[in-house]
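S.K.: A single structure is presented below for examination.
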Amino acid sequence: MLPFNYAILQLFLRIDEADTGAVMEQLENAYQKSRQFKKPVITEALMTAEANGLLEETRYDLDGEQRLRVFYRVTDEGRAMIETYIGAVEA
Amino acid sequence: MSHQLASEQKAHQVRGFFIKGITVAALSGMAYGLYSAFITYAMGEGVWADWYGENTMLSVFVVVYVLGVLGSGINDLMSAVWALGIAGVKGKLADFFRCIRTKPGVIMIVCAVIGGPVASAAYIISLQMAGSIIIPITALCPAIGALLGRFLFKQKLNARMIAGILICLSATLMIGWSSLQEGSREGAILGCAIAFIAALGWAVEGCVAGFGTVVIDYEIGITIRQVTSGIVNLAILLPFVCLLAGNIALAPDLTFKAFASPPAMIFFIISGFFALFAYSLWYKGNSMCGTALGMACNGAYSFWGPFFCWLVLGVFFKQDGWALEPIAWVAAVVMFLGILLIAVNPLDWFKKKDPCTTGKVG
């Protein structure tokens, strides 16, 4: 099992784009018991990855409950970095 | 309408992230000041008062070098205990053990050795060799860190940010000015060269480990840092400097006596607590703001250090000699302006554009 932050970043190697909600859906089975499995924690991890060039924003909108959804995809540099330091294989 | 609402929420989120990053980085500098004040107090209590006292049985070499390494090692080990406890409470302990077996974990360990024992030892040795003239050299670490961030991780570094870093550097020089006038000692040039190793070590740590907390959770990152630094300081560096002092048996002897001195250990537990936040928030601030801004905010410790030494040691414990020079307050204002210049473009305010937000509607 990968550390939680690693799993969030590695997920972007397998999907075109995702927002916080999509990340939670994808990682729910493996990490839902983790005390780190919280929306603000994941949102901050995604924004930090974007601030450092691993992810880039693709679009944003509001969901059915008028809550903000920001979608990200992995950059070329981010892909190379995640493959080098975390690995591309799902744990 | 929904696009406008989404844009407003997005701008609010980006602004919140930006402000949190700066707050975290600034708090790291304050925590560093508190850690400095309490470790200074700890190293004057209990058995340490005998070691540093006029009737000490220890040689000058041991008092200067060995005790410095021992104090730093005990502080980092106490900090590691806090870090492990907090990681446990927050359910991150399993991730800590997973991370140390991975490439980013190993990089974090290497950064901890470079920024911990290597840079700290270089700082202590250079301070002894050249005196406080080395302080402006070690204050170069935010500038070096910003350059490393630019070249290693392609982080933003423009003329405005460089100007801000130079303003912060000048503020640090203002604080250290009185000590600069003490005059140079023999061996000052070599001391300055060794001080540059300390600046380089902290710059590498701030830049690489800061970026590393994009991958590794910052609380796991700091646990790796403090466990590594505490163990390397006490198990490797301390015996090494004791060997240089001609008596390797001093290492376990002094370590045991230090741990068996409750009046000092209470304050090492407190200093270790603040050291935990000094470093963890430094890493997190650097990853959220970029190395240039993060290290400039953290670099305000050159004000917070003397400030909290005055508040804790001078005002609270009523020790003499900790009064804060008026120039320090002026320097704090100058430093604030420098940080502001790195963080935001003042011209954006005149253009009535929020300098804290960016974004595009999808």
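The values are calculated or read from the model by the stated rules, or taken from the named source; none is laboratory data. As the structure is a prediction and not an experimental result, all values here were calculated from the model. Every residue, glycine among them, receives a Cβ derived from its backbone with ideal geometry; neighbour counts consider all protein chains shown. Each accessible area value is taken on the protein alone, full model and side chains, heavy atoms only, with ligands, DNA and RNA left out. Shrake-Rupley method; radii C 1.70, N 1.55, O 1.52, S 1.80 Å.
S.K.: Please list B:280, B:2 from largest to smallest accessible area, probe radius 1.4 Å, with all protein chains kept in place.
M.R.: B:2, B:280
S.K.: Quick one: longest stretch of chain B between exposed loop GluC sites (Glu not before Pro), exposed meaning at most 14 other C-beta atoms within 10 Å and loop per DSSP?
M.R.: The segment B:187-362 is the longest one with no such site.
S.K.: Residues of segment A:1-39 with amide nitrogen under 12 Å from the 7 Å Cα-to-Cβ point of residue B:101?
M.R.: A:1-3
S.K.: Taking the Cβ of residue B:47 as the center, what net charge do the other residues with Cβ under 13 Å away carry, scoring Lys and Arg +1 and Asp and Glu -1? It would help to have the intermediate numbers written out before the result.
M.R.: Working: positive: B:257; negative: B:45, B:50, B:253.
Counting the neighbours of residue B:47, the net charge comes to -2.
S.K.: How large is ³J(HN,Hα), in whole Hz, for each residue of segment A:18-27 in order, when computed from phi with the Karplus curve 6.51 cos²θ - 1.76 cosθ + 1.60 and θ = phi - 60°, using x for Gly and Pro?
M.R.: 7, 10, 4, x, 5, 4, 5, 4, 5, 9
S.K.: Return the subset of B:103/B:154; A:33/B:92; A:39/B:20; B:90/B:154 for which the Cα-Cα distance in this structure is over 23 Å, preserving the input order. Please report the intermediate quantities before stating the final value.
M.R.: Details: B:103/B:154 21 Å; A:33/B:92 12 Å; A:39/B:20 17 Å; B:90/B:154 33 Å.
Cα-Cα > 23 Å for B:90/B:154; rest within.
S.K.: Per Stokes-Einstein, at 4 °C and 1.567 mPa s, what whole-number D in µm² s⁻¹ belongs to segment A:19-86, with the Kirkwood radius over Cα pairs as the hydrodynamic radius?
M.R.: Working: Rh = 12.9 Å.
Here the translational diffusion coefficient equals 100 µm²/s.
S.K.: A further question on this structure: At a probe radius of 1.4 Å, what is the per-residue accessible area of residue B:154, in Å² to the nearest 10?
M.R.: Taking all protein chains as shown, residue B:154 has close to 130 Å².
S.K.: First measure r as the distance between the Cβ atoms of residue B:316 and residue A:14, then evaluate 1/(1 + (r/R0)^6) with R0 = 60 Å and state the FRET efficiency to the nearest 0.05.
M.R.: Values: r = 55 Å, r/R0 = 0.92.
It comes out at approximately 0.60.
S.K.: For chain B, what are Rg and Dmax over the alpha carbons, in angstrom?
M.R.: When restricted to Cα atoms, chain B yields Rg and Dmax of 21.2, 78 Å.
S.K.: Please report the carbon-and-sulfur percent of the accessible area for chain B; probe 1.4 Å, protein heavy atoms only, DNA, RNA and ligands left out.
M.R.: On the way: 11520 of 16060 Å².
Answer for chain B is 72 percent, counting heavy atoms of protein chains only.
S.K.: Mind grabbing the interface size between A and B? I mean buried accessible area, both sides, 1.4 Å probe, in Å² to the nearest hundred. Intermediate values should be presented prior to the final figure.
M.R.: Values: alone 6130 and 17500 Å², together 20620 Å².
The contact between B and A buries close to 3000 Å².
S.K.: In 5 Å bins starting at zero, report the fraction of Cα pairs in segment B:1-44 per bin as a rounded %.
M.R.: For segment B:1-44, the pair-distance distribution reads 5, 19, 12, 12, 11, 9, 9, 7, 6, 4, 3, 2, 1.
S.K.: Taking a quarter of the surface of the Cα convex hull of segment B:1-81, what do you get in nm²? Mind dumping the intermediate values first?
M.R.: Numbers: hull surface 30.3 nm².
The Cα convex hull of segment B:1-81, projected and averaged over all directions, gives 7.6 nm².
S.K.: Something else about it: Just which residues of segment A:43-61 lose 50 Å² or more accessible area with every protein chain there, against their chain alone, with the probe set to 1.4 Å?
M.R.: A:44, A:47, A:48, A:52, A:57, A:60
S.K.: Please compute P(r) over all alpha-carbon pairs of the protein assembly as shown, binned at 20 Å starting from zero, and give each bin as a whole-number percent.
M.R.: Bin by bin from 0 Å, the calculated values are 24, 54, 20, 2.
S.K.: For residue B:323 and residue A:63, FRET efficiency with R0 = 56 Å and r from the beta-carbon atoms, rounded to 0.05? Walk me through the intermediate numbers first.
M.R.: Details: r = 57 Å, r/R0 = 1.03.
Approximately 0.45, to the nearest 0.05.
S.K.: Separate question: Tell me, what ³J(HN,Hα) does each residue in segment B:239-244 have, in order and in whole Hz, if you take phi through Karplus 6.51 cos²θ - 1.76 cosθ + 1.60 with θ = phi - 60° and put x for Gly and Pro?
M.R.: Residue by residue, segment B:239-244 yields x, 5, 5, 5, 4, 5 Hz.
S.K.: Continuing with the same structure: Would you please give the FRET efficiency between residue B:19 and residue B:253, computed as 1/(1 + (r/R0)^6) with r the Cβ-Cβ distance and R0 = 30 Å, to the nearest 0.05? Don't skip to the answer; put the middle values down first.
M.R.: On the way: r = 50 Å, r/R0 = 1.66.
Result of the calculation: an efficiency of 0.05.
S.K.: Counting heavy atoms of the protein chains only and a 1.4 Å probe, report the per residue accessible area for the protein assembly as shown as a whole number of Å². Numbers along the way, then the final one.
M.R.: On the way: 20620 Å² over 453 residues.
Value for the protein assembly as shown: 46 Å² per residue.
S.K.: Given H placed 1.01 Å from N in the peptide plane, which residues other than close sequence neighbours of residue A:58 have an amide H under 5 Å from its amide H?
M.R.: Those lying under 5 Å, H to H, from residue A:58 are A:71, A:72, A:73.
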